[in-house]
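Note sheet for the following structure.
The values are calculated or read from the model by the stated rules, or taken from the named source; none is laboratory data. Just so we're clear, the structure is a prediction, and the values are computed from it rather than from any experiment. Here Cβ is always computed from backbone atoms with ideal geometry, including for glycine, and neighbour counts include all displayed protein chains.
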Amino acid sequence: MRSLSRWLLAFVVCGFAFLKPVAQCPARPNVGTVVHDPYSISSQDGVLSAQLVMGHSVDDAGYTHYCYNYKAPTKIVEAPTLRLNPGDQLVLDVVNRIKDDDPMKMKMAMPDSLDKTCGDGGDMTVSATNVHFHGMNVPPKCHQDEVINTLIQPGTPGFKYNMQIPANEPPGLYWYHPHVHGFAEFQVNGGAAGALIVEGMEKYRPEVAGLTERVFVVRQQYLVPWIPGPYQLTLNYEVSAFPFPLPVILMKPGEKQFWRVANATLQDFLQLQVLVDGTPEPLQLIALDGYPLPQTRNQDTILIPPAGRAEFIVQAPASGSTAVFYTDSYSTGPTGNPDLAQRLATILTRNDADSSPMPKATATSPADKLKFSGLAQQPVTAQRKLYFSEEFGGTNGPIQFYITVDGQKQKVFDPNEKPVIVTKVGAVEDWTIENRALETHAFHIHQIHFQVLEVDGKPVTNPDLLDTIAIPFWEGKGPFHKVKLRMDFRDPNTAGTSLIHCHILLHEDLGMMHKILVEQN
């Protein structure tokens, strides 16, 4: 089980008083209605400038909501999609309007080195926030993608993020979410997550040019975070859970659409399918984790680990057929929570279905100009081995989670720790990451993508570039499952201190995370 540690259990037993909101979250869609794409904000003249206000409220069913509120021309919308081009500037003002008045609130101390504080400082608490731009290849520096020391406290003027999207940033789907150590799961559980798109996919994968584009964010909501139990999956905030009627996706009969799907769940490994009359249809895979594939490939099931993204072409059924957007069951191991098969939406065909087409392909761009291109041919400067492991507490399942560099002592993350890995700008390293735990983990590294070289010691057929990867659980006997990944630190943007961790957010919050330092030459 992905269970509580003793101190978390004590905290919950003492009682969690829901915070009284200052900024309310917008009403979320009614169940069983048509799914609409998130509201989009696009860059203008090379700049996307916007303000997001972190809000908080509790719905009639008792679910706690956290939200990135954006003031659109006619209403307040939640978690808008941020759309930028390579080379654009992102200027994002984030204001925290959660009310900070909970006497039972648990906190974690900020690092001792106050000179490293970015933002408001203070304590890490459930009402503090910040933003991680997941998958983006921007520097881990203050006002960009620094999350170790950055805190935005309630009631302060806010914090400005200001970063330039690299000119060679891969086009595709990324996402943004809070990353305060110890409390990321609370706010993401409440729905604080949104899509970020770097435009230009049609220049690298012309198959998508002119197709209707859909953006789907799959989220997950527990009634009480950190406590295993029933949960709801949602599709663009519309609940996909029995006994509610399913959300509805509208398509024209037989049309092809370009779907961009982000797994913003806390822990679910999604095995996505489109079933037509009960049979999985082939899906044309275009990109993974915001990186276009060198060649498309057809799959009837696409596995997306927590925090991963997949972009693929879906063909609607003919009139009269029944189609379902579906996630198949996935075993996470003896101590993992089962990820159950679930219908996410009903696909209905209608001749008057809306369309929002991708741009036409005026010219193609060479893939060898993208960041991380040619990585497989680079000389390797270092080899490292890391492993996931868990510590048990009797019949209660795992109570502590670790990611460890082989040869170092197992320990949980401490904001004051020294980096467990130190490397330099220009390095290209091969990391073997092993899972010694009885549940599947999801490895993620900030700032870079990695190339998958081997799985369980065998070269892969598809050496994809990813930022998050599932490593299956150990069965209790035989060798541990492992992956071999090529890490690319050639870009000066990687310089600084960033993070490696499991993207099951409870595991991250409980310390399955460490620092990595990339030094300037």
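In the stretch 398-413, is there at least one residue being within 26 Å of the chain's Cα centre (by Cα), within 17 Å of Val483 (Cβ to Cβ) and part of a helix (DSSP H, G or I)?
No, the stretch 398-413 contains no residue that is within 26 Å of the chain's Cα centre (by Cα), within 17 Å of Val483 (Cβ to Cβ) and part of a helix (DSSP H, G or I).
If I ask for residues that are crowded, with 19+ Cβ neighbours inside 10 Å and aliphatic (A, V, I, L, M), which ones from the stretch 213-249 would you list?
Val215, Val217, Val218, Leu233, Leu235, Val239, Leu246, Ile249 - these are the residues of the stretch 213-249 that are crowded, with 19+ Cβ neighbours inside 10 Å and aliphatic (A, V, I, L, M).
Among the residues of the stretch 378-392, what is the count of those that are under 12 Å from Phe489 (Cβ atoms) and of a type in the set (A, V, I, L, M)?
2
Please identify the pairs in which a residue from the stretch 352-381 that is crowded, with 16+ Cβ neighbours inside 10 Å has its Cβ atom under 7 Å from the Cβ atom of a residue that is among the charged types (D, E, K, R) and assigned to a loop (DSSP other than H, G, I, E, B), counting only partners at least 6 apart or on another chain.
Ala353/Lys252; Lys371/Glu169; Lys371/Asp491
Which condition number does Ala353 fail, the rest of (1) under 25 Å from the mean Cα position of the chain (by Cα); (2) assigned to a loop (DSSP other than H, G, I, E, B); (3) among the aliphatic types (A, V, I, L, M) being met?
For Ala353, the exception is condition (1).
Please note which strands (runs of 3 or more DSSP E) are completely contained in the stretch 466-521 and include at least 2 residues that are among the charged types (D, E, K, R).
Correct list: 481-489, 513-519.
Only one residue in Gly62, Gly87, Gly55, Gly121 is at pLDDT below 95 and either under 30 Å from Gln447 (Cα atoms) or in a helix (DSSP H, G or I) (or both), so which one is that?
Criteria check complete, one pass: Gly121.
In the stretch 235-260, what residues are free of Cβ contacts under 8 Å to residues at least 60 places away in the same chain, assigned to a strand (DSSP E or B) and of a type outside the set (Phe, Trp, Tyr)?
Gln257 - this is the single residue of the stretch 235-260 that is free of Cβ contacts under 8 Å to residues at least 60 places away in the same chain, assigned to a strand (DSSP E or B) and of a type outside the set (Phe, Trp, Tyr).
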